[in-house]
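To start, the structure under review is shown below, and the notes come after it.
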Amino acid sequence: MNLVFFDNYSHESLLPLTFTRPAVDLRIGILKISEKWEAISGGNTAGYLTQVHLSKKYYGADEVDLYLASNVIPDFELWAEIKTLSIGQKLDSYGHCIAFCSNECYSDLPELEAAIKNAEAVTSNANAISISTAIDIYKSNGVQIQRDIELLGIDSVSSFGAHNTLIGNQFYIHPSVKMEGVTLNSTEGPIYLGKDVEVMEGSVIRGPFAALEHATVKMSAKIYGDTTIGPHCKVGGEISNTVFYAYSNKGHDGFIGNSVIGEWCNLGADTNSSNLKNNYSEVSVWNYAKESFSDTGETFCGLIMGDHSKTSINTMLNTGTVIGVSANVYGGGFPPKFIPSFSWGGSDGFQTFDLDKAKEVANKMMQRRNLELSQEDAAILNAAYAADTKYRK
């Protein structure tokens, strides 16, 4: 079955993470949303209908059987409903289209939206989970780690290595993992360690937790549950309920919690992000869709950071800080809670990070991992730069 994923209302509210990817490419738990759909449906990702600036990298399809909303996390109950759809029918939940059954290859989002508007509606009775803000990502992460392990059908192990302490019985550890002198506690949720992961000595990890292929947990790290360390990431210090996307680093001491960190980010030594206000009131965060700060209804919220952004050593970040794409934050004191893409500075003020220099830095970081900044990725950075121009001062 050919699956095509389409952006919807959530694209703006998921910024800055969706400056550089459609929502379906977001990772929650172990798998990206698209990978969850493939595992449940047995289908394959045939293409995307997304924002214009993303369409060169996330291209359309030549064949399609089913259109799916990018921000919806599937389960078997929802999939059972979708399988009953006939050509020309859509599955709706709370007024939003989850799935549209069609063999027509639409060329862009407006064309698809018009077809969906005229389709025969079937109401879903499943408890579909949709990701509308970045906060939904870290809040759903622990449950999704558990569900992804079930989807992947991974066998558990009862022991690993000669000098590790394993508490509980929910361990899913690839044979290639390097780990000695580590304490793992799975009594509150499973612990997944993927291919070629290294966990250095002295580290203490509580589940639910996932470290994906080639990730490194550095010496004496303290990691609490509901945390995912993405592929090729390096992390240390204290981490709680945080999702790191691929190739990002927090290699030193410092705390981060209730956060989502994009790809190719770096948090300098002793970067600390507050995740709870001193008066225990609800946290407000910058909302791109509303172009203002919005109440989250949450008391715990740390940092939302777009791809290619960085902090210097000893950076302090306020509760509920949002940092865009390719920003550099440094200096003493607390910087603003919203730092637009391609900003360079800190609490004493910001200037614009030159676009060409930013792309040069991004490429240098990627070359350290034997990769290159592609023309498609460079064009995406151009679009993110332009989109946040109005917010930079």
Two-decimal ratio, segment 123-218, of alpha-carbon radius of gyration to 2.2 N^0.38 Å: 1.19
Let me test this: with uniform point scatterers at the alpha carbons of the chain, what is the Debye-based log₁₀ I(q)/I(0) at q = 0.07, 0.13, 0.14 1/Å? -0.32, -1.10, -1.26
From the gyration tensor of the Cα coordinates in segment 248-367, what semi-axes in whole Å does the equivalent ellipsoid have, largest first, with each one equal to sqrt(5λ)? 23, 16, 13
Return the single residue from LEU49, LEU355, LEU381 with maximal mean-square fluctuation; model: Gaussian network over the chain, springs between Cα atoms under 10 Å. LEU355
In whole Å, what are the extents of segment 17-139 along the principal axes defined by its C-alpha atoms, from largest to smallest? 34, 32, 27
What number results when the radius of gyration of segment 25-69, computed over Cα atoms, is divided by 2.2 N^0.38 Å? 1.19
Taking the DSSP beta bridges in the chain as the whole, what percent of them are antiparallel, to the nearest 5? 25 percent
Need one number: % antiparallel among DSSP beta bridges in segment 190-306, to the nearest 5. 15 percent
per DSSP, antiparallel bridges as share of beta bridges in segment 2-132, % nearest 5, sits at 45 percent
Rounded if a/c is under 1.5, else prolate if a/b beats b/c, else oblate: with a ≥ b ≥ c from the C-alpha gyration tensor eigenvalues square-rooted, which is segment 296-393? prolate
Per DSSP H run of n ≥ 4, the term is -39500 (n - 2.57); total these for the chain, divide by its residue number, and report the mean residue ellipticity at 222 nm rounded to 500 deg cm²/dmol. -5500 deg cm²/dmol
So what's the net charge close to LEU151: Lys and Arg +1, Asp and Glu -1, counting the other residues with Cβ under 15 Å from its Cβ? -3
If I model a spin label at LYS83 and VAL204 as a point 7 Å from the Cα along the Cα→Cβ vector, what separation in nanometres do I get? 4.6 nm
Mind jotting down the distance between the C-alpha centroids of segment 337-393 and segment 259-320, whole Å? 18 Å
To make sure I understand the rule: partners must be aspartates and glutamates, Cα under 13 Å from the Cα of LYS139, and not fewer than 8 residues away in the same chain. Which ones qualify? ASP226, GLU298
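Since every read-out is calculated from the coordinates, none of them should be taken as a lab result. Predicted, not measured: the structure shown is a model, and the values here were computed from it. Here the Cβ is made from the backbone with ideal geometry for all residues, glycine too, and neighbour counts use every protein chain on show.
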